[in-house]
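Just below is one structure, and these are the notes that go with it.
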There are 2 protein chains.
Amino acid sequence: MPDRDVTIGTIQRELTAFARRARQKAAQIHPGLSLVTYTMLDHMRETGGCRGTDLAEHFLLDKSTVSRQTAVLERLGLIVREPDPDDRRGQILRPSENGLHLLEEAHRQRRATFEERFTEWGDEDLERFSGYLQRYNAAS
Amino acid sequence: MPDRDVTIGTIQRELTAFARRARQKAAQIHPGLSLVTYTMLDHMRETGGCRGTDLAEHFLLDKSTVSRQTAVLERLGLIVREPDPDDRRGQILRPSENGLHLLEEAHRQRRATFEERFTEWGDEDLERFSGYLQRYNAAS
DNA sequence: CAATGTCAGATGTATTATGCAACTAACACC
DNA sequence: GGTGTTAGTTGCATAATACATCTGACATTG
């Protein structure tokens, strides 16, 4: 059994490798859509519509960046804007029909990649891995 | 026990969350050094010196990007270049004394962050988590 | 051994994501 | 109602990146 330092080093290295690879593959989700814009779109779906400020806060991005990225999403016809009835300074952003379809398709593709990657994993290992990741991420 | 689909979905979400956070914190390693340049520097140390082409291939970057980033590292005094004795077209890049010190310091800091994060984890859980990550990454 | 094609690296140019600062319009509170 | 705050946009600058091109140095083949 390797000692604790070695094991932590391995986890560090493997997580870093994962992050690097994820970043490199990020742009392949949809033409014209980056990982950030895609994730924003997904967040709008999860929340059932949110404001630009919420996105900025959630993703730790400047509001100007959010503004430009949501402009891209609008130009692509993937979101619709509604004036916030409670605060006329803001707008509610939500995926359009096309946006929802794109999200479904992207989910399907990404999920398929993961399914394939885990075909040889047993149920118990999957459970444990999932639990460890949640435990790790929850600590941030 | 949740079913397999739900578990895989959780893993997917948690790994994506990790990647996003890693990217955001990447720039904090050293002033003037990005995650990419830092990782390049580390790769030079691991390999005991390599060429720009090797870096481009390893990190899936264009050679022009590598050229500019290594120029940054040189400007910061973190690497030294030697003509490749076997092929005078190329150069061997390796960390300078300062570069090695920076890597040690960065390793120490990052490791400390990880150590802290895992203080409450038992040895067996650490082992398993490490193994799962390796298994996952090896499948790429 | 000379010519042609390939490779390593550098540089010019363009694109993209990003942040900061300044601005406008709307809100909130006193 | 006036003053300070907030949501969003836009102007400007910066950084990482890719593609195309250029220059040497290598390699292969006639």
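The values are calculated or read from the model by the stated rules, or taken from the named source; none is laboratory data. All values derive from a computational prediction rather than experimental measurement. Ideal geometry is used to build each Cβ from the backbone, glycine not excepted, and the neighbour counts take in all protein chains shown. Keep in mind that these areas ignore ligands, DNA and RNA; they rest on the heavy atoms of the full protein, side chains included. Shrake-Rupley method; radii C 1.70, N 1.55, O 1.52, S 1.80 Å.
With R₀ set to 35 Å, the beta-carbon distance separating A:Asp3 from A:Ala138 gives a calculated FRET efficiency near 0.85.
Can you give the alpha-carbon Rg of chain A over 2.2 N^0.38 Å, where N counts its residues? Provide the component values of the computation, followed by the final result.
Working: Rg = 18.5 Å, N = 140, 2.2 N^0.38 = 14.4 Å.
Compared with the compact-globule rule of thumb, chain A sits at 1.28.
Label-point distances for B:Glu82 to the equivalent site in the other copies, using a point 7 angstrom along Cα→C-beta, read 6.7 nm when ranked shortest first. Couplings 3J(HN,Hα) of the range A:45-60, computed from phi: 5, 4, 7, x, x, 8, 9, x, 4, 4, 4, 4, 5, 5, 9, 6 Hz, in residue order, whole Hz [Karplus 6.51 cos²θ - 1.76 cosθ + 1.60, θ = phi - 60°; x for Gly and Pro].
Between A:Arg88 and B:Ala71, what FRET efficiency comes out of the Förster formula 1/(1 + (r/R0)^6) with R0 = 51 Å and r the beta carbon distance, rounded to 0.05? Walk me through the intermediate numbers first.
Numbers: r = 50 Å, r/R0 = 0.99.
The calculated FRET efficiency here is 0.50.
Distant-in-sequence amide contacts of A:Leu78, defined by a placed amide H-H separation under 5 Å and a gap of 5 or more residues or a different chain, comprise nothing. Adding -39500 (n - 2.57) for every DSSP H run of four residues or longer, then dividing by how many residues the protein assembly as shown holds, sets the calculated 222 nm ellipticity at -22000 deg cm²/dmol.
Am I reading the B/A interface right? What is its buried accessible area, both sides, 1.4 Å probe, to the nearest 100 Å²? Write down the numbers at each step before the final one.
Numbers: alone 10920 and 10920 Å², together 16110 Å².
Buried: approximately 5700 Å² between A and B.
Helix A:4-25 axis versus longest C-alpha principal axis of chain A: approximately 40°, rounded to the nearest ten.
Using a 7 Å projection from Cα along Cα-to-Cβ, the label point at B:Ser64 is separated from the same position in the remaining copies by 2.6 nm, smallest value first.
With all protein chains in place and a 1.4 Å probe, the accessible surface of the range B:1-96 carries 50 percent carbon and sulfur.
Computed from the C-beta positions of A:Ala17 and A:Thr53, the FRET efficiency with R₀ = 51 Å rounds to 0.90.
For B:Arg21, the distances from its label point to the matching points in the remaining copies are 2.0 nm, ordered from shortest, with each point set 7 Å beyond Cα toward Cβ.
Here the chain A residue lying nearest the rotation axis onto B, judged by its C-beta and given with the distance in whole angstrom, is A:Ala19, 2. Of the whole protein surface, B:Asp86 contributes about 140 Å² of accessible area at a 1.4 Å probe radius. For the range A:96-110, the Karplus equation 6.51 cos²θ - 1.76 cosθ + 1.60, evaluated at θ = phi - 60°, returns couplings of 6, 3, 4, x, 5, 4, 4, 4, 4, 4, 5, 4, 4, 5, 5 Hz by residue, with Gly and Pro reported as x. Per residue, the accessible area of chain B comes to 58 Å², computed with a 1.4 Å probe over protein heavy atoms only.
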